[in-house]
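Enquirer: Pasting a structure below so you can have a look.
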Amino acid sequence: MDHAQQEREILLLALKAGKILLENGAEIFRVEETVDRICRHYGLKSASAFVLSNGIFLTSGDEEETQFAKVQQIPVNNANLSRVTEVNDLSRRIEAGECSLAEVRRELERIQSMPDFPPHLQILAAGASGACFSIMFHGGLPDAVCSFFIGVLLYLYLLKIGKPHFSKIVCNILGSAWVTAMSIFCYRLGLGHHLEAMMIGGIILMVPGVAFTNAIRDVADGDYISGSVRMLDAVLVFFCIALGVGCMMTLYQTVTGGVLL
């Protein structure tokens, strides 16, 4: 491999590391820092990365180094922080001089191909999370049991129907309406005693906590464009959730003419 090819390989590997980080929920500063560290360690002094919430712009080149420019669009996926941890660990090993370019390439391919958590485990975790949040918001054991099954059914909807077939807006509106309907159903049957606790146990599973937290961190670090985009995305989800809950509550009261609480 000649010098120009080696420089190109380094830049592509750095770009791939940044892509894995960004699409799995890492902050903007972490992506830029990782790309910079990889390039600097392998001797590329002119490399410069500009990272947005859904894209990476990487350039390099001066009198001594080969000209290079590449734009990588990054799809917005669900956060998988285990992949972020793996790339962070790899970047530290690179700085310590423990990895050749071939080893870095193999490690990045391994990290990118890491399987997500099995669907059945995600569904059970969603149910358990809903039950725990229901108790945290002053629900009793019957409310927690109802929230468990509401969380399980909600995540089944998200995995099998909502995300594969609907846009993000429609998916969130229908999901929050579904949680509200199931909570009202359990409350009216006497299976649960605190409607608000059951609803919170289900709704909390749809709240974009990682996106909202990263938006605040990006703004605090001065990445105002990416922080604003992520904040807008989180606020849109909040609005869709509120819309779904409000529509279902209004529909119930209009049809029955009754007061819920």
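The values are calculated or read from the model by the stated rules, or taken from the named source; none is laboratory data. Small disclaimer: the values here were computed from a predicted structure and weren't measured. Neighbour counts are summed over all protein chains in view; Cβ atoms, including those assigned to glycine, are modelled from backbone coordinates with ideal geometry. These accessible areas exclude ligands, DNA and RNA; they are computed on the full protein's heavy atoms, side chains included. Shrake-Rupley method; radii C 1.70, N 1.55, O 1.52, S 1.80 Å.
Enquirer: What does the charge count near ILE74 come to, summing +1 for each Lys or Arg and -1 for each Asp or Glu among other residues with Cβ under 15 Å from its Cβ?
Expert: Working: positive: LYS16, LYS19, ARG30, LYS70, ARG83, ARG230; negative: GLU23, GLU27, GLU32, ASP218, ASP223, ASP233.
With Lys, Arg at +1 and Asp, Glu at -1, the neighbours total 0.
Enquirer: In addition: Given points 7 Å out from each Cα along the Cα-Cβ axis, report the GLU98 to SER48 separation in nanometres with one decimal.
Expert: 3.3
Enquirer: On to the next question. For the stretch 1-52, with all protein chains present and a 1.4 Å probe, just round the carbon and sulfur fraction of the accessible area to a whole percent. Please list the in-between numbers first.
Expert: Working: 1000 of 2090 Å².
Carbon with sulfur: 48 percent of the solvent-accessible area.
Enquirer: Would you mind getting me the FRET efficiency between ILE135 and VAL207? Use the beta-carbon distance for r and R0 = 22 Å, nearest 0.05.
Expert: Values: r = 17 Å, r/R0 = 0.78.
The formula returns an efficiency of 0.80 here.
Enquirer: Right, something else. Where the centre of each part is set by its Cα atoms, how far does the stretch 50-102 sit from the stretch 216-261, in angstrom?
Expert: Here the answer is 33 Å between Cα centres.
Enquirer: For ARG217 and GLU109, compute 0.36 nm times the residue count separating them, minus their Cα-Cα distance, and round to one decimal in nm. Write out the running numbers ahead of the final one.
Expert: Working: separation 108, 0.36 × 108 = 38.88 nm, distance 2.85 nm.
Gain on extension, ARG217 to GLU109, equals 36.0 nm.
Enquirer: What angle, in degrees between 0 and 90 and rounded to the nearest 10, separates the Cα long axis of helix 168-188 from the longest principal axis of the Cα atoms of the chain?
Expert: 30
Enquirer: So what J values fall out for the stretch 25-41 if you push phi through Karplus, 6.51 cos²θ - 1.76 cosθ + 1.60 with θ = phi - 60°, rounded to Hz, Gly and Pro as x?
Expert: Each residue of the stretch 25-41 in turn: x, 6, 6, 4, 5, 5, 5, 4, 5, 5, 4, 5, 5, 5, 5, 5, 5 Hz.
Enquirer: For the stretch 172-232, give the percent of accessible area contributed by carbon and sulfur heavy atoms, probe 1.4 Å, rounded to a whole number.
Expert: On the way: 2030 of 2870 Å².
Carbon with sulfur: 71 percent of the solvent-accessible area.
Enquirer: Here is a follow-up. With no solvent and one equal point scatterer placed on each C-alpha of the chain, evaluate the Debye formula and give log10 I(q)/I(0) for q = 0.15, 0.16 Å⁻¹, two decimals.
Expert: Cα-only, vacuum Debye calculation for the chain: -1.04, -1.12.
Enquirer: While we're on this one: Report the full-extension gain for the segment THR256 to LEU236: residue separation times 0.36 nm, less the Cα-Cα distance, to one decimal in nm. Intermediate values should be presented prior to the final figure.
Expert: On the way: separation 20, 0.36 × 20 = 7.20 nm, distance 3.02 nm.
4.2 nm is the gain from fully extending THR256 to LEU236.
Enquirer: Counting only heavy atoms of protein chains, what accessible area per residue, in Å², does the stretch 169-219 have with a probe of 1.4 Å? Provide the component values of the computation, followed by the final result.
Expert: Numbers: 2180 Å² over 51 residues.
In whole numbers, the stretch 169-219 has 43 Å² accessible per residue.
Enquirer: Kindly write out, for the stretch 129-146 in residue order, the coupling ³J(HN,Hα) from the Karplus curve 6.51 cos²θ - 1.76 cosθ + 1.60 (θ = phi - 60°), rounded to whole Hz, with x marking Gly and Pro.
Expert: Taking θ as phi minus 60°, the curve returns 5, x, 5, 5, 5, 4, 5, 4, 9, 6, x, x, 4, x, 5, 5, 5, 4 Hz for the stretch 129-146.
Enquirer: Gap in Å between the Cα centre of the stretch 150-179 and the Cα centre of the stretch 18-46?
Expert: Answer, in whole Å: 34.
Enquirer: Shifting gears a bit: Using the structure shown, list the pairs from LYS16/LYS160; LYS70/LYS160; LYS19/LYS45; LYS19/LYS168 with a Cα-Cα distance above 27 Å, or answer none.
Expert: Numbers: LYS16/LYS160 30 Å; LYS70/LYS160 36 Å; LYS19/LYS45 21 Å; LYS19/LYS168 22 Å.
Too far apart for the 27 Å limit: LYS16/LYS160; LYS70/LYS160.
Enquirer: Short version: ³J(HN,Hα) in whole Hz for each residue of the stretch 189-206, in order, from phi by Karplus 6.51 cos²θ - 1.76 cosθ + 1.60 (θ = phi - 60°), x for Gly and Pro, what are they?
Expert: Using θ = phi - 60°, the values come out as 7, x, 6, x, 10, 10, 4, 5, 5, 5, 5, 5, x, x, 5, 4, 5, 9 Hz.
Enquirer: Using Cα pairs under 8 angstrom and six or more residues apart, how large is the relative contact order of the chain, in percent? Please list the in-between numbers first.
Expert: Working: 367 pairs, mean separation 43.3, N = 261.
Answer for the chain is 17 percent.
Enquirer: Full-extension gain between LYS70 and LEU191, please, as 0.36 nm times their residue separation minus the C-alpha to C-alpha distance.
Expert: Additional length available on full extension: 37.8 nm.
Enquirer: What are the GluC sites (Glu not before Pro) within the stretch 24-97 that DSSP puts in a loop, where the Cβ has at most 10 other Cβ atoms within 10 Å?
Expert: Working: sites: GLU27, GLU32, GLU33, GLU63, GLU64, GLU65, GLU86, GLU95; in loops: GLU27, GLU63, GLU64, GLU65.
Filter output for the stretch 24-97: GLU63, GLU64.
Enquirer: Keeping all protein chains in place, calculate the accessible area per residue for the stretch 96-137 (probe 1.4 angstrom), answer in Å².
Expert: Numbers: 2530 Å² over 42 residues.
About 60 Å² of surface per residue is accessible.
Enquirer: Let me ask something else about it. Rank-order 171-183, 203-215 by packing density, defined as the average count of other C-beta atoms within 10 Å over each peptide's residues, highest first. List each step's numbers first, then the result.
Expert: On the way: 171-183: 22.8, 203-215: 18.6.
Order by mean packing, descending: 171-183, 203-215.
Enquirer: Label TYR157 and ARG37 with points 7 Å out from Cα along Cα→Cβ: what is the distance between them in nm?
Expert: With each label point 7 Å from Cα toward Cβ, the separation is 4.2 nm.
Enquirer: While we're here: Taking Cα centroids, how far is the stretch 190-205 from the stretch 118-134 in Å?
Expert: Measuring centre to centre over Cα atoms gives 14 Å.
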